[in-house]
Amino acid sequence: MITNFKKQSRKDDVKLLVCIILGFLFLAWFCSPPGNKFIQLCFWGNNTKFFFSKLINGSQASEYIFHRNNAIYLAKMYPDRKTALKEMDKAIASLPSYASDVELKQLYKDRAEIKLFLGDHKGALSDFVNSGSINFNDSFKVAMLFRSVGNYREAMTYCNAMLNQDPNAYAGFACMSNIYISVGRPDIALNVWNLAIDRNKGNSRAYADRALVRKSMGDLSGYNDDVKIAKQYSPGIDLEASIVEDALHPKILTLSVR
């Protein structure tokens with residue numbers, strides 16, 4: 001009888017605790033500023049989870065993950081504020097001494113992505129470089145960041161790196177073309193797209209970008225010809241779409257929580 005009473009008492013305690021947690025989450029969600037309420041709920045859930053994990057075992061092993069996840073939620077909730085970067089700074093500072101260099105490099109890259117999303121190009125470039133781990137998918141962003149600060153020579157090394165890995169890489173040609181246009185050489189940019197199309201004649205995006213170069217050089221006939229071909233391959237193509245704009249001013253933070 002006493003045993004059953006104790007079991008029931010524990011169940012009641014658990015129910016009460018669950019109700020308190022849910023009540024806290026609802027209150028925090030309800031009182032949060034206007035914005036994406038689902039992300040706000042995830043943010044408060046992450047904080048609640050960390051609070052109870054610290055309360056139960058006091059471990060600091062996952063503290064940097066908590067701060068990293070908070071940074072992602074905050075960047076998505078408030079892209080006009082710097083609170084997310086403070087959380088990323090805490091994530092790097094709280095990384096355990098026994099953690100691998102790979103983990104530290106990834107945190108630098110994550111902070112670079114958040115800085116890029118928040119519009120801090122110089123800070124993003126610094127973190128990408130400090131990560132020492134720039135892969136093929138990062139190369140275009142890093143090249144455009146170097147171009148944005150006027151370091152065209154360094155930017156070009158990343159364009160070449162992409163084309164060395166994949167001779168048909170659209171991003172590599174777009175990278176190279178954009179840099180030549182930036183230094184006032186649309187004639188060379190045109191040759192870049194000629195080469196890209198020679199290697200892959202079915203790439204509608206290459207025709208669209210070559211059309212824009214031709215238009216900037218006053219070749220309206222060539223512009224119309226390239227637009228026509230681009231639409232033949234991709235009838236719904238957006239001629240104004242810009243891989244450069246997407247890289248330097250991302251509309252969505254693609255980082256996911258862990």
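The values are calculated or read from the model by the stated rules, or taken from the named source; none is laboratory data. Since this is a predicted model, take the numbers as computed values, not measurements. Cβ placement follows ideal geometry from the backbone for every residue including glycine, while neighbour counts extend to all protein chains displayed. Surface areas here come from the heavy atoms of the whole protein model, side chains and all, with no ligands, DNA or RNA. Shrake-Rupley method; radii C 1.70, N 1.55, O 1.52, S 1.80 Å.
So what J values fall out for segment 137-142 if you push phi through Karplus, 6.51 cos²θ - 1.76 cosθ + 1.60 with θ = phi - 60°, rounded to Hz, Gly and Pro as x?
5, 7, 4, 5, 4, 5
Which percent of the accessible heavy-atom area of segment 155-258 goes to carbon and sulfur, probe 1.4 angstrom?
On the way: 2850 of 5520 Å².
Carbon and sulfur atoms account for 52 percent of the accessible area of segment 155-258.
When the label point is put 7 Å from the Cα of T254 along its Cα-to-beta-carbon vector, which residues of segment 74-88 have a backbone N closer than 17 Å?
Correct set: 76.
Leaving out ligands and nucleic acids, note down the accessible area per residue over segment 105-247 with a 1.4 angstrom probe, in whole Å².
47
For K82 and N160, calculate 0.36 nm times their separation in residues minus their Cα-Cα distance, and state this gained length in nm to one decimal. Let's see the in-between values first.
Working: separation 78, 0.36 × 78 = 28.08 nm, distance 3.41 nm.
This chain segment gains 24.7 nm when fully extended.
Please list, ordered by chain and number, the residues whose modelled amide H lies under 5 Å from the amide H of S133; skip anything fewer than 5 residues away on the same chain.
Those qualifying (amide H under 5 Å, at least 5 residues apart or on another chain) number zero.
Sort 71-78, 177-184 by packing, meaning the average of other beta carbons within 10 Å per residue, with the highest value first. Each step should come with its number before you reach the end.
Values: 71-78: 21.6, 177-184: 18.2.
Descending mean neighbour count gives 71-78, 177-184.
Given H placed on each backbone N at 1.01 Å, which residues far from K82 in sequence or on other chains put an amide H within less than 5 Å of it?
Here nothing satisfies the definition.
Residue by residue through segment 204-217, which ³J(HN,Hα) values in whole Hz follow from phi under the Karplus form 6.51 cos²θ - 1.76 cosθ + 1.60 (θ = phi - 60°), with glycine and proline marked x?
4, 5, 5, 5, 5, 6, 5, 4, 5, 5, 4, 5, 5, 8
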